[in-house]
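*Asks:* Below you'll find the structure I mean.
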Amino acid sequence: MRLENVWSRYHRRGPWVLRGVDVRIGPGEVAVVLGRNGVGKSTLLQVAAGVLRPARGRVTDRPGRVGWVPERFPADQPFTVARYLTGMGRTAGLDRAAADEAVTAWTDRLGLAAFRAVRLPELSKGTAQKVGIAQAMLRPPGLLVLDEPWEGLDATTRELVPELIDEVLAAGGAVLVSDHRGETVRLPGARRWTVADGAVTEETSLPEGAVAVIEVAVPTARAAGTVARLRAEGHQVLRVRTDARPAPPPARPGGDDPAPDDPAPDDPAPDDPVAVDGADVAVDSAAGEAR
Amino acid sequence: MIALVRLRLAGFLRTGRAVAPLLAGLVAFGILYGGGRAQPAEAYGVSAVVLFPVLAWQTKILLDVEPDVQRRLAQVTVGVARERLAGLLGAGVAALVAVAVALAFPWLVGGVTGPVDPTDRSVPVGVALGLWVHLLVVPAAVALGALASRASVGGAGYGVAVLALGGVGTVVLGLTGSVVPWLAPPIMAAARTTAGDAAAVTLLGLTAWALAWSAAAVGGYLWRRRARG
């Protein structure tokens, strides 16, 4: 999808919020939209989602199915959570059975199961936000637009948002997400668009082939199997260690030799001493794979 | 899109905001038919004039029930054109229900009578003319209500002004001898036709006029929606 020379404002004689914005995002990519309050992040997201029509310029190649999570979910509606989500699922083109199935799946996953029969106006802000996320995910979107999705969410659901983003990307979708709370540190492979003075600039902090290191703790008995599975998925396993303390920065691929007390990274035998309680596996992954 | 129509109608009914125009319509019909009995065509002509502003108001309420952000969510889900069309269709369905009530009401309260004179129209013809004039009201009222909706005009004050202007203007500009009757939908002219000579060509002409006016008003609504983003 591409925004070509997009200009946007809210009134005919009002100030321009976006001025000649040119950005593009492809399948499998996520972009974080950053900027001060009131600078136009939501406007950019709404133009991308198709909520706002640009005054000038155009949006091309927008995926057919768009999921939009607004900054504030409109909870002032006379429906229960289940009735609303089912209605939105049907509106999105799902048949009755598929809509019911999707609603059950997403309410379970987002911790909304206990609220299915609760009317929307009675929900807390965070719970209403979860309903907003659920309605966007009922049909897998080709473009997912999240406007401050972490706002008001509990810790468990905050952790879930990157998972959802990952799933959309894995299915070939694209994701735009705004954030002013620093939560997008959870998206290490994301492109970063900064909105200021009506313009959008992309930070190029990640060099070509940048990698991220993820430390994963697994039960000792599953260490060997986890290593094998990670390698099968194309990740590079840097080392396996037996203490649960955070590891020092590992050697970069192709850089210095591993520390002398580390096992050889590419060849841990199944009967290696990793099979000890509290074993950790440090995985070095390409940035794009670490989302 | 049908699912969106159903969702919007459900919201309209569940908020209870459907009650106000329904009560207003019933009170107006009570007054209309409380004064004595009339033959169907004549009674229905006046009923349609009374129903016009009620349906326009009902349409505005139905379109305004949905929060703005929810309307945008629907737009993202089904696309711009279908979102607009779903609102108009929902209002049209609600208007048809009101028309059914309006057609049944005089029979329930004994407000109509059969032919008195041999030259009077038969009851079936009178009812058919009544159905025609009420159906003529529906697109015009829906279009006026849509023009007055929040999504079209923004503030509530402007919406009330559009409704009042449209309702009063339809009556005033529709009076016999009006210089610019075509500025309003032909509700008054249709009512006069039901009470007088209802030639086929007249009915066709009035139908075309009503549809053209409604199309222009819907065009104005869509233009306002587009202009407001």
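The values are calculated or read from the model by the stated rules, or taken from the named source; none is laboratory data. Please read these numbers as outputs of a predicted model, since none were measured by experiment. Using ideal geometry, Cβ is built from the backbone for each residue, glycine included, and neighbour counts are taken over all protein chains shown. Heavy atoms of the whole protein, side chains included, go into the accessibility calculation; ligands, DNA and RNA do not. Shrake-Rupley method; radii C 1.70, N 1.55, O 1.52, S 1.80 Å.
*Asks:* Only one of A:V177, A:V145 is within 14 Å of chain B (Cβ to nearest Cβ) and either crowded, with 16+ Cβ neighbours inside 10 Å or within 12 Å of the chain's Cα centre (by Cα) (or both). Can you tell me which?
*Replies:* Unique residue meeting the criteria: A:V145.
*Asks:* Considering each of B:A38, B:A18, B:A74 in turn, give the residue that is more than 28 Å from B:V123 (Cβ to Cβ), more than 9 Å from chain A (Cβ to nearest Cβ), in contact (Cβ under 8 Å) with a residue 12 or more places away in the chain and of a type in the set (A, V, I, L, M, F, W, C).
*Replies:* Criteria check complete, one pass: B:A18.
Here's the yes/no breakdown for (1) over 20 Å from the mean Cα position of the chain (by Cα); (2) open to solvent by less than 10 Å² (accessible area, probe 1.4 Å):
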{"position": "A:I25", "(1), (2)": "no, yes"}
{"position": "A:V33", "(1), (2)": "no, yes"}
{"position": "A:N37", "(1), (2)": "yes, no"}
{"position": "A:K41", "(1), (2)": "no, no"}
{"position": "A:L45", "(1), (2)": "no, yes"}
{"position": "A:A49", "(1), (2)": "no, yes"}
{"position": "A:A55", "(1), (2)": "yes, no"}
{"position": "A:D61", "(1), (2)": "yes, no"}
{"position": "A:G64", "(1), (2)": "no, no"}
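*Asks:* Same structure, new question: Can you confirm whether B:G90 is within 14 Å of chain A (Cβ to nearest Cβ) and either open to solvent by 20 Å² or more (accessible area, probe 1.4 Å) or part of a helix (DSSP H, G or I) (or both)?
*Replies:* yes
*Asks:* Which of the residues that make up the range B:209-218 are open to solvent by 50 Å² or more (accessible area, probe 1.4 Å) and either within 23 Å of B:G126 (Cβ to Cβ) or outside any helix (DSSP H, G or I) (or both)?
*Replies:* Correct list: B:W209 only.
*Asks:* What's the total number of residues in the range B:106-120 that are of a type outside the set (A, V, I, L, M) and surrounded by 20 or more Cβ atoms within 10 Å (Cβ to Cβ)?
*Replies:* Residues in the range B:106-120 being of a type outside the set (A, V, I, L, M) and surrounded by 20 or more Cβ atoms within 10 Å (Cβ to Cβ): 2 in total.
*Asks:* Can you tell me which residue within the range A:69-102, out of those that are in contact with a Ser or Thr (Cβ under 6 Å, 6 or more places away or on another chain) and small (G, A, S), is nearest to A:E148 (Cα to Cα)?
*Replies:* Step by step, filter the range A:69-102, then rank; the result is A:A92.
*Asks:* A further question follows. Please go through the range B:135-161 and give me each residue that is within 11 Å of B:L55 (Cα to Cα) and of a type in the set (G, A, S), ordered by number.
*Replies:* Hits for the range B:135-161 are B:A140, B:A141, B:A143, B:G145, B:A146.
*Asks:* May I pose another question? Would you confirm whether or not the range A:142-160 contains a residue that is on the phi > 0 side of the Ramachandran plot and part of a loop (DSSP other than H, G, I, E, B)?
*Replies:* yes
*Asks:* Please go through (1) touching a strand residue (DSSP E or B) at 6+ places or on another chain (Cβ under 6 Å); (2) charged (D, E, K, R); (3) at the interface with chain B (Cβ under 9 Å from one of its Cβ atoms) for A:K41 and return the number of the only condition it doesn't satisfy.
*Replies:* In the conditions (1) touching a strand residue (DSSP E or B) at 6+ places or on another chain (Cβ under 6 Å); (2) charged (D, E, K, R); (3) at the interface with chain B (Cβ under 9 Å from one of its Cβ atoms), A:K41 misses (3) alone.
*Asks:* Then there is this: Would you confirm whether or not the range B:54-63 contains a residue that is in contact with a strand residue (DSSP E or B) (Cβ under 9 Å, 6 or more places away or on another chain) and within 14 Å of another protein chain (Cβ to nearest Cβ)?
*Replies:* No.
*Asks:* If the Cβ limit is 9 Å and pairs must be 6+ apart or interchain, which residue in the range A:217-229 that is in contact (Cβ under 8 Å) with a residue 60 or more places away in the chain pairs with which residue that is open to solvent by 20 Å² or more (accessible area, probe 1.4 Å) and assigned to a helix (DSSP H, G or I)?
*Replies:* A:V218/A:G225
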